[in-house]
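Structure first, then comments.
Where a number appears in this text, it was derived from the coordinates with a stated rule and is not lab data. If you're wondering where the values come from, they're calculated on a predicted model, not measured in any experiment. Please note: Cβ atoms are built from the backbone with ideal geometry, for glycine as well, and neighbour counts cover all protein chains shown.
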Amino acid sequence: MKLATGGLLAAAITLGTFTAASAAEPATVARSGNTYHVAACRNPAIGLTARCFARIVSDKFGHLITHAAPPISGKTPDQLRDAYKITTGGDSKTIIAIVDAFGYDNAEADLAVYRQQWGLPPCTTKNGCFKKLNQKGKQKNYPAQDVGWAQESALDLDMASAMCPNCTIYLVEANTNSFKNLGLAVDMAASLGAHVISNSYGGNESKRVKDFEIHYNHPGIAVTASTGDAGYGVQAPADMPEVIAVGGTHLITDGSKRGWTETVWRGAGSGCSKVFTKPEWQTDSGCKGRTVGDVSAVADPSTGVAVYGPNSQGVSTWLVFGGTSVSAPLVGGVIANNGGSVNAASTIYANPSALFDVTSGSNGTCDPAYLCTGEVGYDGPTGLGTPNGTVAFGN
């Protein structure tokens, strides 16, 4: 038995018989409550590479639980919009760019199924709502598909659609999962006019990764980044001061006025950067460097979201996803409702009372405790809180 890091889970079991379509490592099954889940991207981030943070609900043996047709498990767009009090649909003039590695052959077709199922307007290449682009910004010569990263892309496209159904969506496919290529894809998204750029991946924090900070520094553009899915600990690019670091929560319905309650998801990343200095808009006293994260949204696979995308064999189906790969594009979609114009995360820090504060739960053990424990006001795993409408995210 192999224990997950940072208190991610009660138990994790390494299996030698279940592999993804790409040459991935065997699945490691994690458990959140009574829900089992596995990583979409199996291989660890080694050196100057990143792995996606999507997690997919499975059985205890690591086999994905699929739904070929309704009833479909996982939270719907209407439920997510109700939980976060999003009442607007955005504008087609606002572009959300999803940056992921490798290709996704059925991206447009799978997105169409998701949107039709939940009554969202069509988003196609033909009507100008959707573009799939390679790293050079061209609608051709896409990188070869990697099933894990394609699953990540499906999740990202669906969450952006759920929160901003009228926005234009670009999927920018980096040639590989190196920070160099992912960073160049982010730059390309910015050059093509993106207002929001979502990044649901990460790698180990190091001084060498700091060389890629320039690719995530685009003033006036909301660049979101997932904080990770292995509990307490810092990941790049979420550690970069120029991005909005998005953590994760456990989201369930209740009898409150809001109708929902949230606690820290044990898998959400957080911590104190040893590489990047603290931005002037962050004022917590227990970390001399950049503190991760800034804001959060649902990420626990046990309270996960419905997604239409490839199974482990690359066949399109309904799945349930978790991980901070859910929260980064979700928050990106919320920001896009306001047009996406922000000054890094400082816009959010200027109005923390406009968020739902998450005050309980933890993702590990640390000192000072707020870096890994939900508290009143700011804490590491959930930042300043979760969306309560769009007021905290600009005009």
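Some notes on this structure:
- Rounded to the nearest 20, the Cβ-based charge dipole of region 238-370 about its Cα centre (Lys and Arg +1, Asp and Glu -1) stands at 60 debye.
- Near Gly103, the amide H atoms lying under 5 Å from its own belong to Ala144, Gln145, Asp146; only residues 5 or more places off or on other chains count, and H is placed 1.01 Å from N.
- Between Ala354 and Asp105, residue separation times 0.36 nm minus the direct Cα-Cα distance comes to 85.7 nm.
- Gaussian network model of the chain, springs between alpha carbon atoms under 10 Å - residue of Ala354, Ala268, Ala150 with greatest fluctuation: Ala354
- Fully extended contour minus Cα-Cα distance, from Ala369 to Thr124, at 0.36 nm per residue: 83.5 nm
- Spin-label zone in region 327-355 - amide nitrogen under 12 Å from a point set 7 Å from the Cα of Val391 along the C-beta vector: 351-355
- The chain: C-alpha pair distances exceeding 39 Å, %: 6 percent
- Dipole magnitude of the chain about its Cα centre (Cβ charges: Lys, Arg +1; Asp, Glu -1), debye to nearest 20: 440 debye
- Within the listed set Gly103, Gly293, Gly128, the Gaussian network model of the chain (springs between alpha-carbon atoms below 10 Å) gives the highest mean-square fluctuation for Gly128.
- This ranking places Ile65, Ile214, Ile197 by how few other beta-carbon atoms lie within 10 Å of each, fewest first, which gives Ile214, Ile65, Ile197.
- FRET efficiency estimate (nearest 0.05) - Cβ-Cβ, Gln313 to Thr76, R0 25 angstrom: 0.45
- Paramagnetic label zone (point 7 Å from Cα along Cα-to-C-beta, Arg258; backbone N under 20 Å) in region 369-395: 370-394
- Rounded to the nearest 500, the 222 nm mean residue ellipticity of the chain from helices alone is -5000 deg cm²/dmol, with -39,500 (n - 2.57) taken per DSSP H run of at least 4 residues.
- Highest mean first, the peptides 249-259, 277-287 sorted by other C-beta atoms within 10 Å per residue fall in the order 249-259, 277-287.
- Förster radius 45 Å - calculated FRET efficiency between Trp281 and Asn43 (Cβ-Cβ, nearest 0.05): 0.80
- Taking 15 Å as the cut-off, the amide N atoms of region 76-101 that come nearer than this to a point 7 Å along the Cα-to-beta-carbon line of His67 belong to 76-80.
- Contact order relative to length of the chain, as percent, for alpha carbon pairs under 8 angstrom and 6 or more apart: 20 percent
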